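For reference, the structure discussed in these notes is given below.
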Amino acid sequence: MIDVCKLLYELCDDKAVLNPDCELLESGILDSLAFIELFSKLEDLGYEVFPTRISREVLKTPKSIQDYLNSIKNK
């Protein structure tokens with residue numbers, strides 16, 4: 001299973017993302033480039049993620065991203 005907090009830390013180099021409840025969008029930690037890198041990395045790890053089909057709510061925190069990935073991996 002992927003650890004979203006660690007993945008986000010690799011992409012953003014900001015320790016705030018190690019908190020599962022970190023507000024990624026409101027804080028500005030995840031900008032458009034980081035989103036592209038995140039989706040690319042997830043695809044490399046075998047997750048089929050469609051950015052145009054994901055709500056902003058899913059991308060709100062590392063925990064919400066983790067929950068989403070768990071739900072699509074289990075289908």
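Read the figures in this text as sums done on the coordinates, not as results from a lab. None of the values given here were measured: they were computed from a predicted structure. Quick reminder, even Gly has a Cβ in these numbers, built from the backbone with ideal geometry, and neighbours come from all protein chains shown.
The figures follow:
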quantity	calculated
Mean separation of Cα contacts under 8 Å, 6 or more apart, over the residue count of the chain: relative contact order %	36 percent
Sorted by Cβ density within 10 Å, fewest first, the residues LYS63, LYS15	LYS15, LYS63
MRE, 222 nm, helices only [DSSP H, n ≥ 4, -39500 (n - 2.57), over the chain, to nearest 500]	-14500 deg cm²/dmol
Pairwise FRET efficiency - LYS63 versus LYS15, Cβ, R0 = 22 Å, nearest 0.05	0.85
Counting all C-alpha pairs of the chain, share separated by more than 19 Å (%)	23 percent
